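Derivation of every value follows stated rules applied to the coordinates shown; laboratory data play no part. Note that this is a predicted model, so its numbers are computed, not measured. Backbone-built Cβ (ideal geometry, glycine too); neighbour counts: all protein chains shown.
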Amino acid sequence: MASIVEKRLGDGSKAYLVRFRTADGHQRSKQFKRKREADAYVSLVEVDRMSGALIDPRLGRITVDEWWHQWWPTVTNLRASTRARDAQYYNSHVRPAFGDTPLNKLDRTSMRSWLAALGSPSGGDLAPATIHKVVQILNKTVNAAFEDRLIPHNPVAKLPLPKIERQEMRFLTSDELWRLADAMDERYRSFILVAGFGGLRLGELLGLRWSRVDLDTGRIRVAETLVDVEAHIHFGPPKTKASIRSVPVPSFVRDELARLAGEDADPDELVFRSPMGQPIRPALFRRRFWEPAVRGAEVAPLRIHDLRHTAVSLWIADGANPKQVAALAGHSSVSVVLDRYGHLYPAHDDDLIVRLERRGR
């Protein structure tokens, strides 16, 4: 039970000291000038005690940055690239705004102002999708403090975030894809064709080994990815279980791969390597080979990831149903395919109306 002790201060005035014990058995106290404020606090303490939410108020005095350095090393369930991205978001956008703020002083008014500033030119001019990721890392940080009972609630939860408007995807026609392959350095011509007709992600292309390329059947087994994190190359499994898949490629792509393999390709070697025979660093590849080829083929602007969209568009144009596309692209569900590429499927409204008209009396 919480108790109230009346105190006489040096100036002759009274104060009221509320004493209580937290769940870990430590005694705490808080002083009030008025009796009714002390009574109200006692009621709050008792409600929190009964609900199991009674928290030592001193624990929340730790700053966001101090808590980050305690909590972040314990997070072990992230891919290397995700971990590096989240740390960069924290250091660039969260720490400058809230690093020196005690956890128990975080308030939603300040967070809403910070959130609005993130999308302004003075605050970073971040895209809505990036703002979502920045707020997500702050939410995870503060929620961990809430779960560890340093603070009574998470003020970051359910902040009103900007709407993410889906941008029109960039697709190449088959002719444009071949023009890009012709403009690419001969060593990476097959890279363009595997991406544009097979739909592999960049990391999947750069992590592909000859042991997973079946030149007899024309199938590619996607089971490993390459990521470049802070100038260190990492190999690991694809991002989801659905991403582990077998992808067929046309005979002309298989022929290009056969020419690249030669007579004695080592099964453990990467299919696409740097001119020095090392794993490819994505940033260097874009600058040295991708961007010159895009300019030469006159298909700018174009990202490497747009070749994956191109592959999906070609599959759909050639009759692939949503379930086939999901399996080939490594999407977790058909709903993802319909959400992103549903507009590429031909509309049958006119045919439907004709059939319905026949049912009239």
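Residue farthest toward the positive end of the dipole of the chain, with Cβ of Lys/Arg at +1 and Asp/Glu at -1: which of Gly10, Trp315, Tyr89?
With unit charges placed on the Cβ atoms, the residue in question is Gly10.
Between Ser335 and Arg61, what length comes free when the chain is fully extended (0.36 nm per residue of separation minus the Cα-Cα distance, one decimal in nm)?
94.1 nm
Give the span of the chain's Cα atoms along each principal axis, as three whole-Å numbers ordered largest to smallest.
95, 75, 38
Just check the stretch 174-344 against the gyration tensor rule for me: Cα atoms, a ≥ b ≥ c as the square roots of the eigenvalues, rounded for a/c under 1.5, and otherwise prolate or oblate depending on whether a/b exceeds b/c.
Since a/c stays below 1.5, the shape of the stretch 174-344 is classed as rounded.
Can you tell which of Val249, Val94, Val18 shows the greatest fluctuation in a Gaussian network model of the chain with Cα springs below 10 Å?
Among Val249, Val94, Val18, the largest mean-square fluctuation in the Gaussian network model of the chain belongs to Val18.
222 nm [θ] for the chain, helices only, -39500 (n - 2.57) per DSSP H run of 4+, per residue, to 500?
Dividing the helical sum by the residues of the chain leaves -12500 deg cm²/dmol.
Running a GNM on the chain with Cα contacts under 10 Å, which residue among Ser29, Ser335, Ser246 ends up with the highest mean-square fluctuation?
Maximum among the listed residues: Ser29.
What's the long-distance tail for the stretch 61-147, i.e. % of Cα pairs beyond 16 Å? Could you put the intermediate results ahead of the total?
Details: 1913 of 3741 pairs.
Within the stretch 61-147, distances greater than 16 Å cover 51 percent of Cα pairs.
Let me spell out the model: positive unit charges on the Cβ of Lys and Arg, negative unit charges on the Cβ of Asp and Glu, origin at the Cα centre of the chain. What dipole size does that give, in debye rounded to 20?
1960
With the crude spin-label approximation of a point 7 Å out along Cα→Cβ, what separation in nm comes out for Asp318 versus Ile233?
Taking the two extended label points, one gets 3.1 nm.
Going down the list Lys30/Lys140; Lys7/Lys105; Lys140/Lys163; Lys140/Lys323; Lys133/Lys239; Lys158/Lys241, which pairs span over 25 Å between their C-alpha atoms?
Lys30/Lys140; Lys7/Lys105; Lys140/Lys323; Lys158/Lys241
Give, in nm to one decimal, the length gained when the segment between Val5 and Asn77 is fully stretched (0.36 nm per residue of separation minus the Cα-Cα distance).
Here the answer is 21.1 nm.
Roughly what would the spin-label model give for Glu269 and Gln70, points 7 Å off Cα along C-beta, in nm?
5.3
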